[in-house]
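Report on one structure; see the data block that follows.
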Amino acid sequence: MGGYKYIGKRIPRIDARAKVDGSLRYPSDLSAEGMIWGRVLRSAHPHARILSIDTAEAERLPGVVAVLTHKDVGGTNRFGIERQDQPVLCEDRVRYVGDAVALVGAETKEIAERALDLIRVEYEPLTLLDDPRAALEPGAVRLHEGGNVVHELHFTRGDAAAGFAAADLVVERTYRTQMMDHAFLECEAGLARLGDDGVLTVECCGQYAFRDVTQIARALDYPPEKIRMIEPYTGGAFGGKDEVTVQIHLALLALKTRRPCKIWLSREEHFISCTHRHPVEIRMKTGVARDGKLVAHEVQALQDGGAYASLTGPVLCLVVEHCCGPYLVPNLRVDGWAVYTNNGMSGAYRGFGATQAHVAMESQMDLLARGLGMDPLGLRARNVIRKGDTFGIGQEMVMAFAVDKTIERAMAHPLWRDRERIRGAAGDGAGAARRWKRRGIGVATCFQGSGLGKGLPDYAATTIELAGDGSVNLFQGTIEIGQGSYTGLAQVAAEILDIPIERITFIGGDTGRTLDSGTTTASRVMYAAGEATLRAARDLVAKMKERAAGPMGAPAESLAAGGGAIVSGDGRRSMSFAEIAALPGGPIRGEGWFHIPAADREFSMGLPHLVFCSNTQIVLVEVDTLTGEVAVLKAVAFPDCGTVINPINVEGQSEGGIVMGIGYALYEENVLEKGRFMNTGLSTYIVPSSWEAPEIETIPVEEPEGTGPFGARSVAEVVTTPTAPAILNAIEDAIGIRFTEMPVTPEKIVAALAGESAYRRGDTEGTEEGH
Amino acid sequence: MREIETVAARTLDEALDVLARRGDGIRVIAGGTDVIVQELERRKEARALLSIGGIGALRSITEDGGRVRIGALVTHREIERSPVIRRRAPLLREAAFIVGSPQIKNLATIGGNIANASPVADSVPALMALEATITLASRRGERRVPVAEFATGPGRTVRRPDELITEVSFDALPPDSVSFYERLGQRRLLSISKVGVAFRARLRDGRFAGVAVALGAVAPTVIMAPRTAAALEGERYSPEVAGRAARAAEEESRAITDLRSTSDYRNRMAGALLVRGLARVMEGRG
Ligand SMILES: Cc1cc2nc3c(=O)[nH]c(=O)nc-3n(C[C@H](O)[C@H](O)[C@H](O)COP(=O)(O)OP(=O)(O)OC[C@H]3O[C@@H](n4cnc5c(N)ncnc54)[C@H](O)[C@@H]3O)c2cc1C
């Protein structure tokens, strides 16, 4: 290793300048001559029968170009990544308040909005199913033909009952995680146009352009070869743009009106219609021997999927796959159910079920450590999975994995080593209010599968073309959603080709120009698309050598790429890339593809994974016992991500992940009442701001994985997962109270602090300041 | 969305003329940070807007003869930075600091904060504790109303349709005063107040005198808390005295439960913030 020019270097984002100066156009920035605006009429009820839809008055409104309903949809009128059960436009029934009932196209956004008010829909409300428990009951109203269970999983390994009988300490709790919004900056947006040749071009936000083609084609019965998706740059996604959002509505409007058409959801519409992080109720019972070895684990998970399937089933698979944390447990019983309800929609969200599982498991680990009087990191270190282990429900760890090292590094970090002293320094310098402050330090260790898992197509492909001036064009089908992967991929190509990053033109996420490279999800892009890019660059070098061999009078094998040229073995002769491009023989194009390795055996859809990454985090919190406010003062992360391609990007992911985890633990929740969203704006759905962001230190643990580019694995999701449980653990460390329901608001803390205001408990006296 | 007629007044006279003619038919807009939100969410539906942002005469902070006068168009940013306010009404500076974000503070006027009559308005508890007076002008003349009597309910005030708020004024705090504004939101900044407590008093021989306490976000309007003030009047500061007053504040607070918080928490915090604020300004004074 080492000796790289581009790998591991702090190279600024290749798209940073265009993003800062505004020249890069996000989907919401797009417009076209003669464009109309689309607006969606959402359901008035969380569950109802549609008796009639009358569009006549809306159609008569001047400026309205089209008012479309399910009758205008030619194909299946259904979409969904895992199964297609969600209507593009509802026929006779609505199952959540975000359901689309009609679609308006109008000359202006304002006219489109007014037209929505003129559409008359007659509903007959149906029994509301807003409790996932009730969904499982035999007499429950059925939301879909097949019943209310989207997916269920049941596994046993060893003998849990015997394990518990032999345990020295058993801890049992029920955890409730909340529904959470992705709160990305750019609400769902795009622009569609229909060419005279019948080619439908949709430029929009998304996370997988090639699957969007399939979803549009199927739902509308339009030939897929006539659909081109262009979605290189998306203003944030975090899983929330994995499922179809505006794509099919855009396509339908453009096909029906033959006018360019734009849709851009308002924040409120985003909140009610989009997929969220699943609320999951997880009961865990965990047994441990006196020496700290886990002996038995029992898990029941009930996941609220909302109205349609989307990725609810696969998310449940990951809840189950990660329910033991990165630890060996010989005796396991796990039962998981995911159900339909009328509670909005849930789907992909950074961490994808592993997040919820770890909230529970990492809380359990802390409770066990406390019960045994063991060092919490010590307990974790005693049980970790190592390469070669069979773990969880029977998966095997065959690839590089260094969770043990993340724990070792964390143990050696000053924030952990000196935690007694740091805790004692509560409220230093914070003025008189410091007497109410209590500090706590918490840790969590998590892991996460990379890629889609067993049984799902999980490949990546890159082409790199030599341009006439000796620069290259890099074609990659994945999407830049703010994570920085285009920069990382360009670094991989630059390293192999030995050319400056500026000599690479990146063409991304365009089904008309790039190869299908799989989803931009599941922590897979840097690993899979990175390896495909490395291979494409090598292929391009090989082809340039072949082309140059004759003119240079040397066998291709003796040549090498260096400094933007092909150079002979003795270094005496060289031919620049530009000179090679000018040689006869046509364009030179390198191609590379890669399949993410998969396990031999499939347990369920996408279960299990073979490639994993991990992360340990330490957080320092300060709880104000007077007001219940929690401030996260410091966070240290040790991501086990393989070789770091670009430290800035890894730090950026880690910092964003931690702040997102702070939001999960302390602030964010989509509040629903009887199937309706109560907080549909950013003034009531509270995300952390820069004031809530702590000092963050990211210390990558680089354990190279041979199958990844230069040893890289992945980092995108595992950076957020430990934060919430680490905060829960730190709060208990600070005030001795274990919270099992998030977000932990000041209201909950004040109520839990024995129901007495701090000044009434006499905390105003006997302070220890001045020591 | 609607088309809204806008009229821009350059002078106070122009504005008062328009209001005299059109009264209820036209809505005043200053910084627009409440108006725009309310109109977009259709909580209000104005047919016409009278923009007063260009009236230079309403933009200054002055102090003369111990009276501090703040023009209705002074922004929270200007209040936060004003040396006069820093010296003469530090609690108002604390309140101005906490409003929104820098972008909001650059637009949000004190007149708008008062006129909007929200129980969560951050400058209002401070102004109420200062026993400030609002000047309302119309073609019919001027009148003065104590801030505490201005709002009659959420969004409801004693302002008549032809009146404009031109100024808010109060006596500068004497040098022997202590004061604070403490508030809690759903996050530190850029959040709406869940509860706010404003306090001011003089210290005579180490005892509180002329105590005024106002509570925000715990009733349909910002309220004065006379029993809380009485619990402190004439007392020397101690944590016990503060605790007793805090219990009075809890009782005087009549908060509701909504998306942002619970009534129980808000009522408790009315007391807790009083305790925190008193500790902050009283301790370390020796
Ligand atoms: C993102 C955001 C964050 C915010 N955060 C806070 C916060 O933390 N604390 C807080 O207190 N407020 C906050 N606000 C609310 C708002 O900024 C304040 O209430 C502000 O002071 C209103 O002033 P304005 O000049 O923008 O008023 P406008 O919106 O122009 O007007 C508000 C109301 O007052 C009337 N009005 C304005 N001026 C006069 C006048 N001179 N005479 C008569 N009537 C008048 C208008 O007709 C309208 O009814 C926030 C708002 C936003 C959008």
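The values are calculated or read from the model by the stated rules, or taken from the named source; none is laboratory data. Computed from a prediction, not measured in an experiment: that's the story for all the values here. Positions of Cβ are backbone-derived with ideal geometry, glycine not excepted, and every protein chain shown enters the neighbour counts.
Of note:
- Sole exception among (1) away from chain A (no Cβ under 14 Å); (2) within 12 Å of the ligand (Cβ to nearest atom); (3) part of a loop (DSSP other than H, G, I, E, B) for B:Arg43, by number: (1)
- In the set B:Val68, B:Val18, only one residue is closer than 24 Å to B:Val158 by Cα, surrounded by 19 or more Cβ atoms within 10 Å (Cβ to Cβ) and away from the ligand (no atom under 13 Å from the Cβ); that residue is B:Val68.
- Restricting attention to the range A:680-696 and to residues that are farther than 24 Å from A:Ala635 by Cβ and either acidic (Asp, Glu) or facing chain B (nearest Cβ under 7 Å) (or both), the residue that is farthest from the ligand (Cβ to nearest atom) turns out to be A:Thr684.
- Selected residue (only one of A:Ser23, A:Ser28 is assigned to a loop (DSSP other than H, G, I, E, B) and either under 25 Å from the mean Cα position of the chain (by Cα) or free of Cβ contacts under 8 Å to residues at least 60 places away in the same chain (or both)): A:Ser23
- Within the range A:593-621, being more than 21 Å from A:Thr720 (Cα to Cα) and surrounded by fewer than 24 Cβ atoms within 10 Å (Cβ to Cβ) holds for A:Trp593, A:His595, A:Pro597, A:Ala598, A:Ala599, A:Asp600, A:Arg601, A:Glu602, A:Phe603, A:Ser604, A:Met605.
- Inside the range B:21-40, residues that are near the ligand (Cβ under 9 Å from one of its atoms), aliphatic (A, V, I, L, M) and part of a loop (DSSP other than H, G, I, E, B) make up a count of 1.
- Entry remark, the range A:143-171: residues being part of a loop (DSSP other than H, G, I, E, B) and either surrounded by 13 or more Cβ atoms within 10 Å (Cβ to Cβ) or acidic (Asp, Glu) (or both) number 9 in total.
- Members of the range B:147-165 that are among the β-branched types (Val, Ile, Thr) and over 15 Å from the mean Cα position of the chain (by Cα): B:Val158
For (1) in a helix (DSSP H, G or I); (2) within 10 Å of chain A (Cβ to nearest Cβ); (3) modelled with pLDDT of 95 or more, each residue gets a yes or a no:
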residue: B:Ala248; (1), (2), (3): yes, no, yes
residue: B:Tyr265; (1), (2), (3): yes, yes, yes
residue: B:Arg276; (1), (2), (3): yes, yes, yes
residue: B:Gly284; (1), (2), (3): no, yes, no
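- Applying the condition of being assigned to a loop (DSSP other than H, G, I, E, B) and surrounded by fewer than 17 Cβ atoms within 10 Å (Cβ to Cβ) to the range B:193-234 and asking which residue is nearest to the ligand (Cβ to nearest atom) yields B:Pro220.
- Residue in the range A:576-593 that is away from chain B (no Cβ under 14 Å), aliphatic (A, V, I, L, M) and without any contact (Cβ under 8 Å) to a residue 60 or more places away in the chain present: yes
Residue-wise test of (1) crowded, with 18+ Cβ neighbours inside 10 Å; (2) among the acidic types (Asp, Glu); (3) within 11 Å of the ligand (Cβ to nearest atom).
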position	(1), (2), (3)
B:Val124	yes, no, yes
B:Thr133	yes, no, no
B:Glu142	no, yes, no
B:Pro154	no, no, no
B:Thr166	yes, no, yes
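Residue-by-condition table, conditions (1) more than 8 Å from the ligand (Cβ to nearest atom); (2) in contact (Cβ under 8 Å) with a residue 60 or more places away in the chain; (3) closer than 19 Å to B:Gly56 by Cβ; (4) more than 14 Å from every other protein chain (Cβ to nearest Cβ):
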position	(1), (2), (3), (4)
B:Arg77	yes, no, yes, yes
B:Glu80	yes, no, no, yes
B:Gly100	no, yes, no, no
B:Ile110	no, no, yes, yes
B:Ala129	yes, yes, no, yes
B:Glu149	yes, no, no, yes
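- Residue in the range A:287-306 that is over 19 Å from the mean Cα position of the chain (by Cα) and closer than 22 Å to A:Ile36 by Cα present: no
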